[in-house]
Amino acid sequence: MILITLLSALLTFSPAVVNSHPETVPSSVQDKKVKKTETVTFKVSMHCKNCVSKITDNISFQKGVEDLKVSLDQKTVTITYNPAKTDEAKLQKAIEKLGYSAESQSSRSAPEE
């Protein structure tokens, strides 16, 4: 009889019930789910579709890169990255290592009047 009761309890167990109360999940577990990212835009000396391909093929695989957008029209590379794994200077050096000049748009200060 006890065995039947245990089996019945196991069969009716629902993981959704356990997760229906997020306040019971420790904050350390909740914090791990949130990824912190930063975004930087570089003005890059590219001039053709091959440049776009070269940058995309190489920079997208750099450690910490989460997202990459390359605009040939605007000559910009926008990178979203995990700051725990890389930083703006490393990403700039990676672009420059490919043979392009790269100037960070985020570090520009507004012109003084």
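Descriptive notes on the structure:
- Residue match in segment 102-110 (condition: in contact (Cβ under 8 Å) with a residue 24 or more places away in the chain and part of a loop (DSSP other than H, G, I, E, B)): yes
- Residue match in segment 8-29 (condition: modelled with pLDDT of 95 or more and among the hydrophobic types (A, V, I, L, M, F, W, C)): no
- Residues of segment 43-79 that turn out to be touching a residue at least 12 places away in the same chain (Cβ under 8 Å), over 12 Å from the mean Cα position of the chain (by Cα) and part of a strand (DSSP E or B), as a count: 5
- If you go through segment 70-95 and keep only what is in contact with a Lys or Arg (Cβ under 9 Å, 6 or more places away or on another chain) and under 11 Å from LYS43 (Cα atoms), you end up with LEU72, GLN74, LYS75, THR76, VAL77, THR78.
- Cβ pairs under 8 Å, 6+ apart, first in segment 80-91 and surrounded by 14 or more Cβ atoms within 10 Å (Cβ to Cβ), second part of a helix (DSSP H, G or I): TYR81/LEU91; LEU91/ILE59
The values are calculated or read from the model by the stated rules, or taken from the named source; none is laboratory data. Note that the structure is a prediction, hence the values are computed from the model and not measured. Heads up, the Cβs are rebuilt from the backbone with ideal geometry, glycines too, and the neighbour counts pull from every protein chain shown.
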